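Chemist: One structure coming up, written as structure tokens, with questions to follow.
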Amino acid sequence: MPLTTGVTGTLPVANGGTGDTGTAWGTYTASPQCTTGAGTWSTTAARFKQLGKTVFFQLDASLTAIGTCSGAQFQFTLPSTAQSAAGGAGRDTNVSGAPFTCFVGAASSTMVCILSGASLQVNNIMKLSGVYESQ
């Protein structure tokens, strides 16, 4: 059925809309961790918005104690399982200022991030965002 003036309500995804009614982003448990060794992480914000199968996410997390954590990689849990490979990007906004790229493989809910030219350090504050297709 063609759209006409006077169409009201939320346009469903199946009809080319987003299905979004203007709801706020939700929160989720990201559980950041070092990929090598163990450190202590604190999450300030882990937020997401899902429109159909498209998931937008944001993370703000801090490495509060280095422990045995080493290297340049960390990982965290996404709000849902990815359908296909996808990515995200961010920056350490406190210690090194280093940018990092993140990736998730198909059928995984764990995103891995790699700092560019720096190693993880106590008081890193990692801020990132990205988008992927959920299963």
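Chemist: Taking Asp60 and the conditions (1) closer than 30 Å to Thr8 by Cα; (2) touching a residue at least 60 places away in the same chain (Cβ under 8 Å); (3) of a type in the set (Asp, Glu), which numbered condition does it fall short on, given that it satisfies the others?
Modeler: Of everything listed in (1) closer than 30 Å to Thr8 by Cα; (2) touching a residue at least 60 places away in the same chain (Cβ under 8 Å); (3) of a type in the set (Asp, Glu), Asp60 misses just condition (1).
Chemist: Report, by residue number, each residue of the stretch 70-96 that is open to solvent by less than 30 Å² (accessible area, probe 1.4 Å) and charged (D, E, K, R).
Modeler: Asp92
Chemist: So in the stretch 81-115, with the set limited to residues that are touching a residue at least 40 places away in the same chain (Cβ under 8 Å) and of a type in the set (Ser, Thr, Tyr), which one is farthest from Gln58 (Cα to Cα)? Let's see the steps before the verdict.
Modeler: At the first step, the residues of the stretch 81-115 found to be touching a residue at least 40 places away in the same chain (Cβ under 8 Å) are 81-84, 86-89, 112-115.
Those still in the list that are of a type in the set (Ser, Thr, Tyr) too: 81, 84.
Values: Thr81: 16, Ser84: 19 Å.
Among those residues, the one meeting the criterion is Ser84.
Chemist: Check whether at least one residue in the stretch 48-69 is buried (at least 16 other Cβ atoms within 10 Å of the Cβ) and part of a loop (DSSP other than H, G, I, E, B), and report yes or no.
Modeler: Checked the stretch 48-69: at least one residue is buried (at least 16 other Cβ atoms within 10 Å of the Cβ) and part of a loop (DSSP other than H, G, I, E, B).
Chemist: Another question, if that's okay. Just a yes or no: is a residue in the stretch 2-20 under 27 Å from Ser84 (Cβ atoms), assigned to a strand (DSSP E or B) and either out of contact with any Phe, Trp or Tyr (no Cβ under 6 Å at 6 or more places or on another chain) or modelled with pLDDT of 90 or more (or both)?
Modeler: Within the stretch 2-20, not a single residue is under 27 Å from Ser84 (Cβ atoms), assigned to a strand (DSSP E or B) and either out of contact with any Phe, Trp or Tyr (no Cβ under 6 Å at 6 or more places or on another chain) or modelled with pLDDT of 90 or more (or both).
Chemist: Can I ask one more? For the stretch 21-47, give me each residue that is of a type in the set (A, V, I, L, M) and either assigned to a loop (DSSP other than H, G, I, E, B) or closer than 21 Å to Ser108 by Cβ (or both). Reasoning before the result, please.
Modeler: Start the filter on the stretch 21-47 by keeping residues that are of a type in the set (A, V, I, L, M), which leaves 24, 30, 38, 45-46.
Within the stretch 21-47, Ala24, Ala30, Ala38, Ala46 qualify.
The values are calculated or read from the model by the stated rules, or taken from the named source; none is laboratory data. Being a predicted model, the structure only gives us computed values, none of them experimental. Glycine also receives a Cβ, built like all others from the backbone with ideal geometry; neighbour counts cover every protein chain displayed. Ligands, DNA and RNA are excluded from the accessible area calculation, which covers all protein heavy atoms including side chains. Shrake-Rupley method; radii C 1.70, N 1.55, O 1.52, S 1.80 Å.
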